[in-house]
Amino acid sequence: MRLAPWWALLPSGCAPVLLVGSWAIAQVRQSPEYDPARETLSVLAAYGATSYWLMTGMLVVLGSCYVLTAHALRPAALAGRVALAGGGLSALALTLVPAPSSGGALEHGAVATVGLVLLAVWPPLAAVRGTPSAPWGLRWDVSLAASAFMGATALWFLAELQSGRAPGVAERVVTFVQALWPFLVVVSCRRQRIG
């Protein structure tokens, strides 16, 4: 018997593919003035954007993928599963407070920040301590390293938002890493058998 059900591979594996595929399609559909290096994903999902519907749909499915993955990761500590599901709910909430077509929005920024933080802290919260046979994705040292990397990419994104040089690149890196990690944890749980 494996630690995670086979179906956990579907939502966890779809999340990073869906994220990158959606932003790639949305970028192509956006006007030529859109610069993916300098502009964030929120611009693609803003009211009136060419691919508003695509990005909104992606957020709904992405958030659902995180919630389903959290449900499937039974061997993970409950606090981590709650944080991962909370990150998914934040993605769903972003559809209710999209960025305006110009300028910023406090509500959008607050919801996005909560989601980013929850997805950055869930790995160590999910870690199984005191169990040497824990899947590698749920080991304390590995989870802490993953969280530190996510935190570093989030700080890079914040710095790029302030400088305006390449916030789009930094956001894509942090969101991709955060979408990929649940899949890697599920794979580590699937590789390990119990009983």
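The values are calculated or read from the model by the stated rules, or taken from the named source; none is laboratory data. Computed from a predicted structure; not experimentally measured. All Cβ positions, glycine included, derive from the backbone under ideal geometry; neighbour counts span all protein chains shown. The protein model used for the area step is the full one, side chains on, heavy atoms only, and it has no ligands, DNA or RNA in it. Shrake-Rupley method; radii C 1.70, N 1.55, O 1.52, S 1.80 Å.
At-a-glance table
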quantity	calculated
Hits in the range 24-53 - residues which are closer than 18 Å to residue 108 by Cα and of a type outside the set (Val, Ile, Thr)	39, 41, 42, 44, 45, 46, 47, 48, 49, 51, 52, 53
Unique residue being under 30 Å from residue 191 (Cα atoms) and either of a type outside the set (Asp, Glu) or in a loop (DSSP other than H, G, I, E, B) (or both) when the list is 66, 47	66
Given (1) open to solvent by 20 Å² or more (accessible area, probe 1.4 Å); (2) within 16 Å of the chain's Cα centre (by Cα), index of the condition residue 159 fails	(2)
Members of the range 1-17 that are assigned to a helix (DSSP H, G or I) and touching a Pro at 6+ places or on another chain (Cβ under 7 Å)	12, 15
Residues located in the range 10-55, provided they are surrounded by fewer than 17 Cβ atoms within 10 Å (Cβ to Cβ) and within 22 Å of residue 181 (Cβ to Cβ)	10, 17, 20, 21, 24
Close pairs (7 angstrom Cβ cut-off, 6 or more residues apart or separate chains): open to solvent by 10 Å² or more (accessible area, probe 1.4 Å) in the range 169-180, among the β-branched types (Val, Ile, Thr) anywhere	171/40; 173/153; 176/20; 177/153
The listed residue being touching a Lys or Arg at 6+ places or on another chain (Cβ under 9 Å) and either surrounded by fewer than 19 Cβ atoms within 10 Å (Cβ to Cβ) or not in a helix (DSSP H, G or I) (or both), out of 117, 97, 128	128
